[in-house]
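Below: the structure, in structure tokens.
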Amino acid sequence: MLIGKPAGTPSSEITPKSTYLNRRKFLAGAAIAGAAAVTGVAYRDLVDLVNPSLTAQANAKIDGLQKSSFSTTEKETPYKDVTNYNNFYEFSTDKYEPADLAKNFKTRPWTVTIDGDVKKKQVLDVDAIIKMASPEERIYRHRCVEGWSIVVPWIGFSLSELIKRADPLPKAKYVEFTTLYDPKQMPGQRTNVLQWPYLEGLRMDEAMHPLALLCFGMYGEVLPNQDGAPLRIVLPWKYGFKSAKSIVRIRFTGDQPLNSWQQYAPNEYGFYSNVNPNVDHPRWSQAKERRLGEFLKRPTLMFNGYDQVASLYSGMDLRRNF
Amino acid sequence: MRLRFTKIAIFLAALIPLGRLAWKALHDGLGANPIEVITHSTGDWTLILVLTTLSITPLRRITRQYWLIGVRRMIGLFAFFYGTLHFLTYIWLDKFFDVHEMLKDIAKRRFITVGFTAFVLMIPLALTSTAWSIRRLGGRNWQLLHRLIYFTAILGVIHYFWLVKADHRKPIAYGIVLSLLLAYRVGVWASEKASEKRAQQAIPTPARNPL
């Protein structure tokens with residue numbers, strides 16, 4: 001018996017996936033907007049009602065942003081650079097790849113476990129955390145240990161807001177942050193370039209410093225997946241790798257955590273990793289940096305120019321405690 | 001005739017990486033950190049071409065395509081060309097011709113020390129790549145001098161391995177290719193030694209006078 005080939009659809013008639021997805025989005029949006037106009041319900045609230053996770057998706061605007069006195073007036077790095085040049089080893093060691101590899105990363109539902117030396121051990125929904133305080137826009141300099149830097153308008157509020165609510169015990173001297181471990185979603189975790197899950201840590205007074213940001217957005221929008229969605233920290237006076245991404249656990253502890261990069265190469269990456277032009281990486285100089293988009297290199301500033309943190313380290317030998 | 005066409009083809013092919021960089025540079029395609037892309041790309045192609053020249057000898061012996069020797073010089077010169085571009089990106093776009101900074105770097109940063117050495121060792125090879133130089137130096141001396149390429153290749157791979165932050169897969173891949181190419185030479189050398197020895201043993205000893 002002969003079975004004929006099914007008559008194929010000519011490729012010219014196949015709608016590209018992006019087109020129909022956009023059409024769906026457009027239709028859904030049009031329907032919701034129409035309904036909102038009729039009922040007078042705010043667009044965003046209605047979206048919340050229909051599909052709570054929708055508001056959490058990338059490119060969703062974040063309203064009611066407050067300005068911050070911590071913001072720099074320096075020129076912001078273009079959005080396309082900050083979203084296409086990412087050190088996010090969970091996805092890839094190639095900085096140009098996370099943008100694509102994190103495209104379908106699931107950021108909802110998402111919970112964060114708060115445990116260790118803390119009065120209120122709990123598992124919090126990320127959306128509950130985001131609502132703990134009003135969102136601020138903070139335009140920070142961000143300096144990578146590799147010698148490049150960017151200026152990013154992050155969105156979030158001081159990490160201290162969360163820590164205060166968690167109510168750590170007096171014996172908690174440090175805070176440890178754990179990034180999601182999910183090799184199915186994060187292909188970089190199928191290789192052992194680093195030990196997974198990614199760990200980072202701060203001394204309690206560093207974590208309580210108002211500059212330390214608990215971050216869930218940037219450029220007026222929800223944080224893109226490749227930049228550490230749904231929840232990350234941003235520590236502008238430290239090298240970028242300290243600013244842990246896609247956090248699932250915050251643990252309070254009496255012992256100094258062993259952060260992933262220190263674990264990997266203790267002679268090259270320390271616990272503190274404060275930006276310091278006078279202490280070189282053993283293999284390269286940290287005296288200068290290349291601001292993305294600029295041709296000439298610019299001098300790197302102590303604590304990345306955030307002198308207000310200097311008192312946290314007074315009396316410490318920063319050459320030893322690099 | 002075939003060699004002529006092959007040479008033209010290789011010449012054009014070897015310009016593709018540079019052409020791609022130029023095209024991307026003109027079309028805003030080098031991404032967020034163009035200078036890094038240029039540095040990495042020229043470095044990669046230097047290593048690839050150095051390893052390619054080292055693969056010519058094994059290739060022509062194994063495949064008996066002896067004419068391949070005719071393209072080796074050009075590939076070697078292209079390796080030097082990309083190495084020069086790589087070095088220029090470093091002194092111009094990274095150090096902005098600050099010679100003092102550069103010398104400090106070379107002395108202090110071991111990945112730059114070895115990278116710089118690898119590059120410098122290529123210079124005499126490029127300078128003596130002409131037929132005139134071969135005649136002038138004599139085949140033996142010329143060959144001896146051009147063995148410097150082994151050091152360039154080894155130092156080049158070490159340079160790459162040392163500069164990488166954590167993901168060593170690519171420099172290791174280059175290292176494996178280089179090891180195979182060097183192992184082939186060691187193998188050839190050892191078997192030649194062995195056959196020399198056999199040849200010596202095969203020389204019949206003069207028959208003793210019968211008693």
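Need the full-extension length gain, B:Ala9 to B:Asn141, defined as separation in residues times 0.36 nm minus the C-alpha distance. One decimal, nm.
44.4 nm
Helix B:169-202 versus the longest principal axis of chain B: what angle, 0 to 90°, nearest 10, using Cα atoms?
10
What ranking, highest mean first, results for peptides A:237-247, B:3-13, B:68-78 when packing means the other Cβ atoms within 10 Å averaged over each residue?
Put in order of decreasing packing, that is A:237-247, B:68-78, B:3-13.
Between 0 and 90 degrees, rounded to the nearest ten: what's the tilt of helix B:110-127 against the longest Cα principal axis of chain B?
In chain B, helix B:110-127 runs at an angle near 60 degrees to the longest axis.
When Cβ neighbours within 10 Å are restricted to other protein chains, what is their mean count per residue of peptide A:167-178?
Per-residue shielding by partner chains comes out at 0.
Compute the label zone of B:Leu18 within region B:58-76: residues whose backbone N is under 17 Å from the point 7 Å along Cα-to-Cβ.
Label zone hits: B:73-76.
So if I take the alpha carbon set of region B:2-188, get Rg, then get Rh from the Kirkwood formula, what is the Rg over Rh ratio?
Ratio value, two decimals: 0.98.
With only alpha-carbon atoms in the gyration tensor, what are the semi-axes of the equivalent ellipsoid for region A:66-313, in Å, largest first?
Equivalent-ellipsoid dimensions as semi-axes: 25, 21, 20 Å.
Please give the calculated 222 nm ellipticity per residue for chain B, where each DSSP H segment of at least 4 residues contributes -39500 (n - 2.57) and the sum is spread over every residue; nearest 500 deg cm²/dmol?
The per-residue figure over chain B is -27000 deg cm²/dmol.
At a 10 angstrom cut-off on C-beta neighbours, averaged per residue, how do the peptides A:89-99, A:59-69, B:32-42 rank from highest to lowest?
A:89-99, B:32-42, A:59-69
Calculate the spin-label point distance for A:Lys67 paired with B:Ile69, positioning each point 7 Å from the Cα along the beta-carbon direction, and give it in nanometres.
Distance between label points: 7.6 nm.
On each of the three principal axes of the Cα atoms of region A:133-212, give max minus min coordinate, whole Å, ordered largest first.
37, 34, 24
Compute the long axis of helix B:34-63 from its Cα atoms, compare it with the longest principal axis of the Cα atoms of chain B, and write down the angle in degrees, 0 to 90, nearest 10.
20
So which lysines pass the test for A:Lys173, namely a Cα distance under 27 Å, with those fewer than 8 places away in the same chain ruled out?
Within the straight-line limit of under 27 Å, A:Lys173 reaches these lysines: A:Lys119, A:Lys120, A:Lys121, A:Lys131, A:Lys164, A:Lys238, A:Lys242, A:Lys245.
Starting from the Cα of B:Leu127, step 7 Å along the direction of its Cβ; do the same at B:Ala183; then give the gap between the two resulting points in nm.
3.6
Over the Cα atoms of the protein assembly as shown, what Rg and Dmax result, in angstrom?
30.0, 129
Viscosity 1.306 mPa s, temperature 10 °C: what is the translational diffusion coefficient of region B:83-211 from Stokes-Einstein with a Kirkwood Rh over Cα pairs, rounded to a whole number of µm²/s?
Stokes-Einstein gives a translational diffusion coefficient of 87 µm²/s.
Enumerate the whole-percent occupancy of each 10 Å bin, from 0 to the last occupied one, for all C-alpha pair distances of region A:218-308.
Spelled out per bin, shortest first, that is 14, 37, 37, 11, 0.
Relative to 2.2 N^0.38 Å, what does the C-alpha radius of gyration of region A:88-187 come to as a ratio? Two decimals please.
That ratio works out to 1.28.
Per the Kirkwood definition applied to all pairs of different Cα atoms, how many angstroms is the hydrodynamic radius of region A:115-168?
About 13.3 Å for region A:115-168.
Taking 0.36 nm per intervening residue step and subtracting the Cα-Cα distance, what contour gain separates A:Ala310 from A:Asp205 on full extension?
36.6 nm
Only the coordinates and a few stated rules stand behind these numbers; no lab work does. None of these values were measured; they are calculated from a predicted model. Here the Cβ is made from the backbone with ideal geometry for all residues, glycine too, and neighbour counts use every protein chain on show.
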